Amino acid sequence: MKKPDLSVNLAGITLRNPVMTASGTFGYGEEFSEYLDLEKIGAIITKGLSLRPRAGNPMPRIVETPGGMLNAIGLQNVGIDAFIEKKVPFLRTLSTPVIVNFFGNSVEEYAELAARLDAVPEVAGVEVNISCPNVKHGGIVFGTEPAAASSVVGAVRRSTTKPLIVKLSPNVTDIVEMAHACAEAGADALSLINTITGMAIDLKTRRPALANVTGGLSGPAIKPVALRMVWQVTRAVKLPVIGIGGITTATDALEFLVAGATAVQVGTANFMAPDASQRIAEDMERYLRENGIADVKEVIGSLRV
């Protein structure tokens, strides 16, 4: 059969295939350019940006766990000014869409970042990380309370014309309630899931394995949780969903599409194999061809329950 169509439309952004890179696992794109062809993946999502540079948390801040890893990097990044000056020139050379992940510690910071990014033509869309504390309201995490999430998404929506993706935290009682709140506030798409809060202990020292004590669990261990949440949200909210969580093979990625996701993000696998996202995209195309599927959109939402 002829080459299958892997293209998908994500909130107005055309992806050549549904495979994206997850924020925080792929630098700003250029760092991985010697390991894979950046023109063979669907989109690049940058490391999360803040208004000012951040040094992140003290070491150790990454530890392996069974079936995954814990990280407490602390959102280390170069800041919006250095990103525009030093990172955008390389991204300008690519035809692959670039989506910028960003975060703040107040609604005002989120709005300012969105406005700054709105003026950068190389940015195809933005992904808002709401798994951050609201410093003005006692440190409650924006992504764990519907009203707080809504306030952030609404402020970002008023500050940008670009496609707006909201990355949801799994550390909530009801993921569907959070999805509804973000959709009603103006989100164009949803990414899920972010990492699950966890910890590890060094028995020899009887101390936490991470200097920060707790961190975000990612990798294959969280895939069943992520699949369940993607399925729940795609049934409840009329927005495209990006599936994230333990995707290391094309089979993993296709399972998320079957559950209803329009696209996927590859994260922890990038640390094990820097070319993982390209390999997954190529293996996905091979699967479609071998199974006589002409268009990847035939797979999306095809779960039989």
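The values are calculated or read from the model by the stated rules, or taken from the named source; none is laboratory data. A quick note: this is a predicted structure, and the numbers were derived from the prediction, not measured. Methodologically, a virtual Cβ is constructed for each residue, glycine included, from the backbone with ideal geometry; neighbour enumeration extends over all protein chains shown.
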Under the condition of being outside any loop (DSSP other than H, G, I, E, B) and touching a residue at least 12 places away in the same chain (Cβ under 8 Å), which residue from region 192-208 is farthest from Arg279 (Cα to Cα)?
Met199
Somewhere in region 80-99, is a residue touching a strand residue (DSSP E or B) at 6+ places or on another chain (Cβ under 6 Å), modelled with pLDDT of 95 or more and assigned to a strand (DSSP E or B)?
yes
May I ask you to verify whether Ala189 is in contact (Cβ under 8 Å) with a residue 60 or more places away in the chain and either surrounded by fewer than 16 Cβ atoms within 10 Å (Cβ to Cβ) or over 27 Å from Gly56 (Cβ atoms) (or both)?
yes
Output for region 175-186, where each listed residue is among the β-branched types (Val, Ile, Thr) and either buried (at least 19 other Cβ atoms within 10 Å of the Cβ) or touching a Phe, Trp or Tyr at 6+ places or on another chain (Cβ under 8 Å) (or both):
Ile175
Those residues of region 129-152 that are among the acidic types (Asp, Glu) and touching a residue at least 24 places away in the same chain (Cβ under 8 Å) come to a total of 0
Check Arg54 against each of (1) surrounded by fewer than 21 Cβ atoms within 10 Å (Cβ to Cβ); (2) out of contact with any strand residue (DSSP E or B) (no Cβ under 7 Å at 6 or more places or on another chain) and name the one condition it does not meet.
(2)
In region 249-303, what residues are in contact with a helix residue (DSSP H, G or I) (Cβ under 7 Å, 6 or more places away or on another chain), part of a loop (DSSP other than H, G, I, E, B) and over 20 Å from Leu36 (Cβ atoms)?
Gly260, Ala261, Val299, Ile300, Gly301, Ser302, Leu303
Candidate set: region 123-146, residues that are in a helix (DSSP H, G or I) and surrounded by 15 or more Cβ atoms within 10 Å (Cβ to Cβ); chosen: the one farthest from the chain's Cα centre (by Cα):
Pro146
Within region 230-242, is even one residue at positive phi and in a loop (DSSP other than H, G, I, E, B)?
no
Here the qualifying pairs (Cβ atoms under 7 Å; residues six or more apart or on different chains; first in region 12-37 and acidic (Asp, Glu); second surrounded by fewer than 24 Cβ atoms within 10 Å (Cβ to Cβ)) come out as Glu30/Phe90; Asp37/Gln278
Within region 61-101, how many residues are surrounded by fewer than 17 Cβ atoms within 10 Å (Cβ to Cβ), among the charged types (D, E, K, R) and either more than 25 Å from Val19 (Cα to Cα) or free of Cβ contacts under 8 Å to residues at least 24 places away in the same chain (or both)?
4
Sort through Ala187, Ala211 and tell me the only one that's farther than 30 Å from Ala124 by Cα, outside any strand (DSSP E or B) and over 13 Å from the mean Cα position of the chain (by Cα).
Ala211
Val120 fails exactly one of (1) within 22 Å of Thr195 (Cα to Cα); (2) part of a loop (DSSP other than H, G, I, E, B); (3) hydrophobic (A, V, I, L, M, F, W, C), namely (1)
So the check is Cβ under 9 Å with 6+ separation or different chains; which pairs have a first residue in region 161-180 that's over 17 Å from Gly48 (Cβ atoms) and in contact (Cβ under 8 Å) with a residue 60 or more places away in the chain and a second one that's in a helix (DSSP H, G or I) and among the basic types (Lys, Arg)?
Val176/Arg235
Residue hits (region 21-72; touching a Pro at 6+ places or on another chain (Cβ under 9 Å), aliphatic (A, V, I, L, M) and either closer than 14 Å to Ile99 by Cβ or assigned to a helix (DSSP H, G or I) (or both)) are Ala43, Ile44
Could you please find all residues in region 115-154 being hydrophobic (A, V, I, L, M, F, W, C), in contact with a helix residue (DSSP H, G or I) (Cβ under 8 Å, 6 or more places away or on another chain) and closer than 20 Å to Gly27 by Cα?
Leu117, Val120, Val123, Val126, Val128, Ile130, Cys132
Can you tell me which residue is farthest from Leu38 (Cα to Cα) among those in region 67-104 that are β-branched (Val, Ile, Thr) and more than 20 Å from the chain's Cα centre (by Cα)?
Ile84
